[in-house]
Each structure stands twice: as structure tokens, then as C-alpha cells.
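Contents: one structure, followed by commentary.
No lab work stands behind these numbers, since they all come straight from the coordinates. Predicted model, so just to flag it, every value in this text is computed and none were measured.
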């Protein structure tokens, strides 16, 4: 059974690239292997939950440059750096830029698999967080300016009666607006409403 998420492998050495792909696939992981940075960057796009096993020293665009592009594009792909004995300083620099781990070549199969699984766990967490943020933004974007104002008042503890009095509207009008607001946000209680408002940065204190 394939795991949730993909593992990208980028290594210019054909034999290494193939052996890494075979090892990861045998462990039940979905693998996409590339031998050039250009091919990888052109193909990765928005892959959903995914991580990258990245060789540091490659002709043309180096592993550092690939990592810099991933970070600059906010691709949210956790990167595991695969470093040769002479590349440890580069690997340390990669960690400062944003790589989450590095392993020295030659490495043990278990070591690689453990690093990749941790990276995929992080990738899935990141993907869930981005998906939730996108959905939250969609729901908040459905609110009118008046509804956003009401949301702020409700989440700072005002009752419907208090909001109606402050805004000089009838209780029934404000109550119906509150119900419509909650339907738009797909919440069913004040607690849920407050959590949504807090995550969206609309809650008042």
C-alpha cells in the first residue's frame, strides 16, 4: 500500500538515483526520481504532501541553489540533504537555509528511511495546515464588512442584545445576522465561532 505523500529524489548519479528510488519504493513509498535540478523544479509544482532527498554536489545547479529556490518559492517541501564526506560544511549550510536533516554518504538504508518518514510526517502536517488555512480564508472571504464587525463584537463577549443596542438595530435583525454569519462560517456554537475568529486574526481582546 502506497503511503500518503511522495518522495522526490534528486541526484545526478544514475546508479545512486535508481538505487534510492528502488529502496524507497520497496518500503512502500511513492517515488519520483530526477537527475537534474531543472527537471525536478519543472515537475514539482504543488505536489501535495511531499519531501525531497537532495544531493548536494551536482553539475549545473547545485543542491544549495535548489534548496534556495524551494525556500524562495515557499514550496513547503521538507528537504533531506544527502552529503558526501567532503560536503559536510555544505550540508550544515543547507540546514541553516531550511533543510530539515542531512545524512552522509554512504548511508544505511534504515537511516534514510527514518529521515524520509519524518520528513513525510512534517509534509503532511504542513499540507493539512495550508489546506485548513485556505478553507478558513474562503469562509472568512464570504463575510460582508458588517458581518466581520459583528464577528469581532461577538468574540469579545458581547451578547446579541448588546450588539443590537450598540449598533442601534433591532434584536431580531441582529439575531438573524448572527445566524447567517454562523452558517457562512459553518460553525454551530460560540466556542467554534471564537476559534475561527482567533485563527483568522479577527477576534478582539
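If the elastic network links every pair of Cα atoms under 10 Å, which of 30, 131, 166 fluctuates the most in the Gaussian network model of the chain?
166
Please find, in a Gaussian network model of the chain (springs between Cα atoms separated by less than 10 Å), the residue of 42, 82, 123 whose mean-square fluctuation is greatest.
Its mean-square fluctuation being the largest, the pick is 42.
Roughly speaking, what is the stretch gain from residue 113 to residue 149, that is 0.36 nm per residue apart minus the C-alpha to C-alpha distance, in nm to one decimal?
7.9 nm
With an 8 Å cut-off on Cα pairs and a minimum separation of 6 or more residues, tell me the relative contact order of the stretch 142-200 in percent.
37 percent
With angles folded into 0 to 90 degrees, how steeply does helix 88-97 sit against the dominant principal axis of the chain? Use alpha carbons for both and round to 10.
10 degrees
Label the stretch 89-205 by shape, choosing from rounded, prolate and oblate, from the square roots a ≥ b ≥ c of the eigenvalues of the Cα gyration tensor; if a/c is under 1.5 it is rounded, and otherwise prolate applies when a/b is larger than b/c, oblate when it is not.
prolate
Can you tell me the equivalent ellipsoid semi-axes for the chain? Use √(5λ) from the Cα gyration tensor, largest first, whole Å.
Equivalent ellipsoid semi-axes, largest first: 50, 16, 14 Å.
If one takes the longest principal axis of the Cα atoms in the chain, at what angle in degrees, from 0 to 90 and to the nearest 10, does the Cα axis of helix 109-141 lie?
30 degrees
Using only Cα atoms, locate the centre of the stretch 1-31 and the centre of the stretch 80-120, then give the distance between them in Å, rounded to an integer.
Measuring centre to centre over Cα atoms gives 15 Å.
For the chain, what does -39500 (n - 2.57) per DSSP helix run (n ≥ 4), summed and divided by total residues, give at 222 nm, in deg cm²/dmol to the nearest 500?
-18500 deg cm²/dmol
Pairing the Cα long axis of helix 63-72 with the longest principal axis of the chain, what angle in degrees results, from 0 to 90 and rounded to the nearest 10?
10 degrees
Considering Cα pairs under 8 angstrom that are at least six residues apart, work out the relative contact order of the stretch 6-135 and quote it in whole percent.
The value is 24 percent.
Give me Rg over Rh for the stretch 57-139, both radii from the alpha carbons and Rh done the Kirkwood way, two decimal places.
Rg/Rh: 1.06.
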